[in-house]
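Visitor: Structure incoming, see below.
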Amino acid sequence: MPQSAEKILDHAPLFKEPEYQEMFARKRAMDGMPCAEETAKVAEWTKSWEYREKNLAREALTINPVKACQPLGAVFAAAGFERTLSFVHGSQGCVAYYRSHLSRHFKEPSSVVSSSMTEDAAVFGGLQNMIDGLANAYKLYSPKMIAVSTTCMAEVIGDDLQAFISTARQKGSVPEDFDVPYAHTPAFVGSHVVGYDNMMKGILENFWKGKTATPGEKINIIPGFDGFAVGNNRELKRILDMMGVDYTLLSDVSDTFDTPSDGEFRMYDGGTTLEDTAAAVNAKATLSLQEYCTQKTLEYAESFGQASASLHYPMGVAATDELLMKLSELSGKPIPDALEKERGRLIDAMADSQSWLHGKSYAIFGDPDFVYGMAKFIMETGGEPRHCLATAGTKAWAEQMQELFASSPYGANCQVWAGKDLWHLRSIIATEPVDFLIGSSYGKYLEKDCNTPLIRLSFPIFDRHHHHRFPTWGYQGGLRVLVAILDKIFDKLDSDTGETGADISFDLTR
Ligand code: SF4
């Protein structure tokens with residue numbers, strides 16, 4: 001045997017041992033799989049223009065979409081409020097998926113409960129599951145608020161959350177005055193981006209409905225669904241404090257998904273207080289940092305007489321300028337010199353590395369606002385975001401992307417791909433190659449298959465650790481993004497010069 005108790009091999013070297021290689025070969029033969037040459041021939045054909053046309057004409061099937069389902073976004077939004085437990089009305093398996101997705105990315109426990117609907121609830125309705133589930137969640141986990149969303153199953157059978165929650169209250173599952181906001185989050189339409197919006201609106205409705213606003217000086221800020229929220233929300237608060245802006249961050253997950261190891265398990269940590277959430281109705285404005293995560297929520301805030309504005313993931317120089325100027329306009333506070341200096345440092349760093357950044361081409365995939373913000377920053381570096389893909393992207397988003405391309409000479413050869421998936425992207429970069437891919441860990445298969453290095457800058461990142469602890473927003477965040485891009489450029493350069501035998505260019509100084 002290749003390994004023993006004295007010599008334990010990790011799976012990568014273990015499966016290269018002859019015993020395993022023979023076993024794999026036997027299995028291929030037994031399953032009637034085509035030989036390796038035939039598989040390689042077909043794999044090559046699927047990288048042709050002929051296959052690309054068939055692939056892009058595909059309508060009835062999605063393969064590896066760059067999006068998750070609505071409840072994941074709802075769970076993320078709810079996690080940013082003080083002692084709030086997400087309760088998903090539906091099946092356990094779905095909720096295990098949200099928990100594991102968040103835990104694998106943030107490397108933190110993620111507490112979410114489900115109403116554990118099974119076959120009987122699917123036939124007769126899930127009212128009893130809601131009654132029992134809310135009672136158990138309230139007693140076992142001592143939350144201050146329970147935020148209810150739904151999975152496909154509950155939506156398909158048409159369970160009515162408002163009626164169910166009110167019946168559960170009458171039956172004593174939770175006290176009469178206990179906060180149970182809810183949002184219907186049908187997973188078969190929209191995406192986690194829409195689910196975030198629905199839950200955010202649901203939570204605000206819970207506190208604001210029927211209130212008359214008395215506009216004050218505070219500004220509400222909604223960060224949106226963001227895999228870098230731990231670093232980004234802290235960076236955002238540092239900037240707001242530097243400017244002296246009076247604000248309420250609505251849904252702040254920075255402590256929820258970054259608890260310390262000090263001997264105490266914190267099921268809840270940080271988050272926007274319920275008191276501040278209720279008082280946020282009196283804000284003079286609500287600013288969203290991600291338009292597509294907050295379309296319904298902003299409309300709702302406007303119905304209370306608040307001014308509103310939205311950005312697209314404030315990454316890079318111009319997008320951070322826009323954020324600061326908007327904050328200054330809404331709050332009347334000037335932008336401090338210290339932030340102007342940070343701006344100058346980012347520009348200095350970009351200028352220092354200009355010769356390496358200029359003319360590089362990229363394929364970017366992710367959520368609509370992330371892709372927009374990333375493409376904007378890439379063009380600032382002198383790069384070309386040739387292919388910009390968002391499965392959750394709409395027609396309106398595609399038009400905004402076209403306007404962005406038109407604003408810079410680096411956008412001239414760029415294309416937007418709204419509603420497409422990663423299998424589409426494989427065809428696209430196989431036929432029109434780019435230098436680098438930017439997106440989530442799911443791009444690693446494309447990286448290998450199409451020999452295009454992947455820069456991990458969006459959600460989810462499962463196979464690298466702790467990136468989310470560092471910001472990508474603001475000028476400081478821009479520096480971190482710049483370094484991530486440059487590191488990959490230099491790694492590729494070193495690898496190319498080393499492998500091709502052109503060692504004369506394998507330089508110590510770049
Ligand atoms: S798509 Fe539907 S079934 Fe799948 S995880 Fe989401 S809610 Fe559950």
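The values are calculated or read from the model by the stated rules, or taken from the named source; none is laboratory data. The structure displayed is predicted, hence computed values, not measured ones. So basically every Cβ, Gly included, is an ideal-geometry build from the backbone, and we count neighbours across all protein chains shown.
Visitor: When the range 36-82 is examined, which residues are found to be among the basic types (Lys, Arg) and away from the ligand (no atom under 16 Å from the Cβ)?
Guide: Once the filter is applied, which keeps residues that are among the basic types (Lys, Arg) and away from the ligand (no atom under 16 Å from the Cβ), the range 36-82 yields LYS41, LYS47, ARG52, LYS54, ARG58.
Visitor: Is at least one residue of the range 422-441 among the hydrophobic types (A, V, I, L, M, F, W, C), under 29 Å from ILE239 (Cα atoms) and not in a strand (DSSP E or B)?
Guide: no
Visitor: Does GLU275 qualify as being closer than 30 Å to ILE378 by Cα and free of Cβ contacts under 8 Å to residues at least 60 places away in the same chain?
Guide: So GLU275 fails the test.
Visitor: Hey, any hits in the range 181-188 for a residue that's surrounded by fewer than 15 Cβ atoms within 10 Å (Cβ to Cβ), in contact with a strand residue (DSSP E or B) (Cβ under 9 Å, 6 or more places away or on another chain) and either of a type outside the set (A, V, I, L, M) or at pLDDT 95 or above (or both)?
Guide: No.
Visitor: Determine if the range 495-510 includes at least one residue that is touching a helix residue (DSSP H, G or I) at 6+ places or on another chain (Cβ under 8 Å), surrounded by 20 or more Cβ atoms within 10 Å (Cβ to Cβ) and in contact (Cβ under 8 Å) with a residue 40 or more places away in the chain.
Guide: Within the range 495-510 (the criterion being touching a helix residue (DSSP H, G or I) at 6+ places or on another chain (Cβ under 8 Å), surrounded by 20 or more Cβ atoms within 10 Å (Cβ to Cβ) and in contact (Cβ under 8 Å) with a residue 40 or more places away in the chain), the answer is no, since none of the residues qualifies.
Visitor: Just give me the residues in the range 380-421 being of a type in the set (A, V, I, L, M, F, W, C), under 30 Å from GLU44 (Cβ atoms) and outside any strand (DSSP E or B), in sequence order.
Guide: Result: CYS414, single match.
Visitor: Just to be sure before I move on: is LEU161 under 19 Å from GLN306 (Cβ atoms) and of a type outside the set (S, T, N, Q) in the structure I sent?
Guide: No.
Visitor: Every residue in the range 472-494 that is under 21 Å from the mean Cα position of the chain (by Cα) and either assigned to a helix (DSSP H, G or I) or surrounded by fewer than 23 Cβ atoms within 10 Å (Cβ to Cβ) (or both), please.
Guide: Listed by number, the residues that qualify are GLY474, TYR475, GLN476, GLY477, GLY478, LEU479, ARG480, VAL481, LEU482, VAL483, ALA484, ILE485.
Visitor: When the residues of the range 332-377 are narrowed to those that are buried (at least 19 other Cβ atoms within 10 Å of the Cβ) and without any contact (Cβ under 8 Å) to a residue 40 or more places away in the chain, which ends up nearest to LEU446 (Cα to Cα)?
Guide: It comes out as VAL371.
Visitor: Out of the helices (runs of 4 or more DSSP H) lying entirely within the range 125-171, which hold 1 or more residues that are away from the ligand (no atom under 16 Å from the Cβ), farther than 24 Å from GLY190 by Cβ and touching a Phe, Trp or Tyr at 6+ places or on another chain (Cβ under 6 Å)?
Guide: 127-141
Visitor: For the condition in contact with a helix residue (DSSP H, G or I) (Cβ under 6 Å, 6 or more places away or on another chain), charged (D, E, K, R) and closer than 29 Å to LYS144 by Cβ, what is the one hit in ASP276, ASP252?
Guide: The conditions single out ASP252.
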